[in-house]
Amino acid sequence: MSPAAKTSEVAPSTEGRWATRTTELAPAPAPAPAYLIPFLAQRVAKGYERRWRRELGPAGETVSRWQVLSVLSAADGARVGLMADLLGISQPVLSRVIDQLERDGLVERRAVVGDDRGVAVWRTPRGRSQFEALVPAAGALVDESLAGFRPSEVAQLHSLLTRLVAALDDAVPDDIRTDTESRS
């Protein structure tokens, strides 16, 4: 804990004369411990999931389906392994989501040319339409949560989170970073 700061001001004394009065200010709070960052990040993610289910769940979309469509909007034709890394989920879990999306005609799997084992996932025209139809609602959900932030703070938050993701697993390819992030 830092020592208490002091401030001085000139004010009338109880005897009616002017005098200097020194007041101790409460110490500044200590910065939050860095080890809480993963817990805060998890709370943010869970908060978005709850809001997503409440706002967009009735339309039949899940967070997982939205995340896959979002990744494909930036990297259509991504390999399953890369998508699992970007989404932070296991390949078997991702495969089940892709199965659902494929069954609903929103994505299709294609073999990777020159790689007998490689599989890439592509959005279908219906998948692109579905994603575009959800963008306004998803954007409003995020905008609502960031309403108390200045644009510069939102940009800083985005930049810091992107750097943190890259530091943790190097899974964010340059081609899906924004121009500003690529230069930093």
Exercise. Over segment 32-175, what is the relative contact order in whole percent, taking alpha-carbon pairs under 8 Å and six or more residues apart?
Worked result: 20 percent
Exercise. Spin-label point model (7 Å from Cα, Cβ direction): what's the Arg53 to Arg109 distance in nm?
Worked result: 2.8 nm
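Using 0.36 nm per residue, how much length does the chain from Glu153 to Leu40 gain when fully extended, once their Cα-Cα distance is taken away?
Values: separation 113, 0.36 × 113 = 40.68 nm, distance 1.71 nm.
Here the answer is 39.0 nm.
Need one word for segment 51-180: rounded, prolate or oblate. Basis is the Cα gyration tensor (sqrt eigenvalues a ≥ b ≥ c); a/c below 1.5 gives rounded, then a/b vs b/c decides. Don't jump to the answer; show the numbers that get you there.
On the way: a/c = 2.09, a/b = 1.28, b/c = 1.63.
Oblate.
Test of understanding: ordering Asp85, Asp116, Asp76, Asp143 by Cβ neighbours within 10 Å, fewest first, what list do you get? Present the calculation step by step, with values, prior to reporting the outcome.
Values: Asp85 18, Asp116 6, Asp76 14, Asp143 10.
The most exposed by this proxy come first: Asp116, Asp143, Asp76, Asp85.
We did not get these values from a lab; they are worked out from the coordinates using the rules stated. The model shown is predicted, which means the values in this text are computed figures rather than measured ones. Heads up, the Cβs are rebuilt from the backbone with ideal geometry, glycines too, and the neighbour counts pull from every protein chain shown.
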